[in-house]
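The values are calculated or read from the model by the stated rules, or taken from the named source; none is laboratory data. Every value quoted in this text rests on a predicted model; they were computed, and no experiment measured them. Every residue, glycine among them, receives a Cβ derived from its backbone with ideal geometry; neighbour counts consider all protein chains shown. Only protein heavy atoms, including side chains, enter the accessible area calculation; ligands, DNA and RNA are left aside. Shrake-Rupley method; radii C 1.70, N 1.55, O 1.52, S 1.80 Å.
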Amino acid sequence: MLVLIKVLHILDSLNRGGAEIMELDLCRNARANGLNLTFVATGGGDLEEDFSNSGVEFVRLKRSLPVDLSLAAQLRQIIVQRKIDIVHSHQPVEALHLYLATRGSTVRRVLTLHGVYPGAKNDLALRFVLPRANACVVVSREISKLTQERGGSASQKFVVINNGVDPKRLQASERSLREELGLNLAADEKELLMGMVGNFHPVAQKDQLTVCRALPKVFAHRPQAQFVFVGGRSEAAPHLFDDCVSFCRANGIAERVHFLGKRADIANVIGSLDLFVLSTLREGSPISVIETMMMGVPAVLSDIAALSEVSNDGRYAVLFKTSDADDLARKLIDILDDRAQRARLSSEAKQWAMSRFSIEAHIANLLSLYRSLAN
């Protein structure tokens, strides 16, 4: 008789981001793929209602202190009552509270690292929780390498499990963003629309300014092309957004560069693009790139290790030298002029992403890990 392993996942925030979107896809597909899941959130956000209606048992708690012993006690009660076998966190602070909640029990602990978290507090928390985790999941080989350098003797517990995306979520209204911007709805080699998805946040280091610096040359070559940035302005570092806006105004391209802010209709945005750009300085396994490939939109990516990995060493995307605006401009002009290359990337990248980065593949890999820990 097959006994389902009972698993608890936890997130500290339900704001819209890559890890949150992937966890939402996981919750929506857990039951159909044999995952007995309880999901706990210790902070709210834009996606709270979506998680509440995702089809798994949803528990909303509140963390009041950086290390909240009351929260740990509540988690322990949930774990005991539901007879949880495995707890799974996605940040060091979550892992710390799950450690306190399961200390002295037989419950196994898993930590997923979606990136390398900067700062002394995160580094201290990571060094504490890593040796106390039964397994550490990393979303790319590069994150594995960097985390092992910080984790010391815990390195033997690392396993790479790529992020997963639910293609059913990526149903876009046909080129709706083009209509919003007043562009020709039909395929038009003159009015090509490029775009990037990513918040203007110092931790993420998306480096939107490099894109802005490349655009004057691209627009000189393609006078009717347009570009959109999707992502929120950070209150902690507003200059990351303001510098981009100022550069576009100073260089006479402000009418063709659109700053759309936060959007909930990411599938509509990506589905409207002729070309996706990501100029990030640091990544784990970006959901936006996987979504882009699944939707058949060709991508131009900075050549950091994680993006090289997700694109199979550049086979399924165009890579440019990180932070090099001139190289980015050259690569954008080349791909905009090569319709056949864009068509090839669209087809082959979609097949690659669907086979490797589906939410079903992600859940299957998680279940395999959970069973090995339970045994």
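Between 0 and 90 degrees, the angle of helix 141-151 with respect to the longest Cα principal axis of the chain falls at about 50 degrees. What the phi angles of the range 234-249 give under the Karplus curve with 6.51, -1.76 and 1.60, with θ = phi - 60°, is a coupling list of 7, 5, 6, 9, x, 5, 4, 7, 4, 5, 5, 4, 5, 4, 5, 5 Hz, glycine and proline written as x. The stretch between R103 and R315, if pulled fully straight at 0.36 nm per residue, gains 71.8 nm over its current Cα-Cα span. In terms of distances greater than 24 angstrom between alpha carbons, the cross-link table entries K62/K157; K145/K168; K121/K206; K121/K145; K145/K206; K62/K145 yield K62/K157; K145/K168; K62/K145. Can you tell me the 0 to 90 degree angle between the C-alpha axis of helix 359-374 and the longest principal axis of the chain, rounded to 10? Around 20 degrees separate the two axes.
If you average the C-alpha positions of the range 233-284 and of the range 15-77 separately, how far apart do those two centres end up, in angstrom? Taking the Cα centre of each part, the range 233-284 and the range 15-77 sit 29 Å apart.
Here the contact order of the range 229-342, divided by its residue count and restricted to Cα pairs under 8 Å and six or more residues apart, works out to 18 percent.
Here's how it looks for R16: its modeled amide H is under 5 Å from those of D46, L47, which are all 5 or more places away or on a different chain. Give me, ordered by chain and number, the residues 5 or more places off S358 or on other chains with an amide H under 5 Å from its own placed amide H. Correct list: V165. In degrees between 0 and 90, to the nearest 10, how far off the longest principal axis of the chain does helix 325-337 point, with axes built from Cα atoms? On a 0 to 90 degree scale, this one is about 70. Projecting the Cα atoms of S279, F51, L100 onto the charge dipole of the chain (Cβ charges, centred on the Cα centre) puts L100 farthest toward the positive pole.
Compare H114, H239, H9 by solvent-accessible area with a 1.4 Å probe and give them largest first, with all protein chains kept in place. Don't skip to the end; give the middle numbers.
Details: H114 35, H239 95, H9 0 Å².
Correct descending sequence by accessible area is H239, H114, H9.
Sequence-ordered 3J(HN,Hα) estimates for the range 100-109 from the Karplus curve with 6.51, -1.76 and 1.60 and θ = phi - 60° stand at 4, 6, 10, 4, x, 9, 9, 5, 8, 10 Hz, glycine and proline given as x. Set against the labelled values (1) 167; (2) 134; (3) 125, volume of the Cα convex hull per residue in Å³ computed from this structure falls on (2). Computed in the context of the full set of protein chains, the accessible area of the chain at 1.4 Å probe radius has 48% of its extent on carbon or sulfur. Surface exposure of the chain, expressed per residue as accessible area with a 1.4 Å probe, stands at 44 Å². Taking +1 at the Cβ of each Lys and Arg and -1 at the Cβ of each Asp and Glu, which of C248, V197, V165 sits farthest along the dipole of the chain towards its positive end, judged by Cα position relative to the Cα centre? Highest projection toward the positive end goes to V165.
Take K145, K206, K262, K6 and sort them by solvent-accessible surface of the protein heavy atoms, 1.4 Å probe, largest at the top.
Working: K145 115, K206 35, K262 145, K6 70 Å².
The ranking, largest first, comes out as K262, K145, K6, K206.
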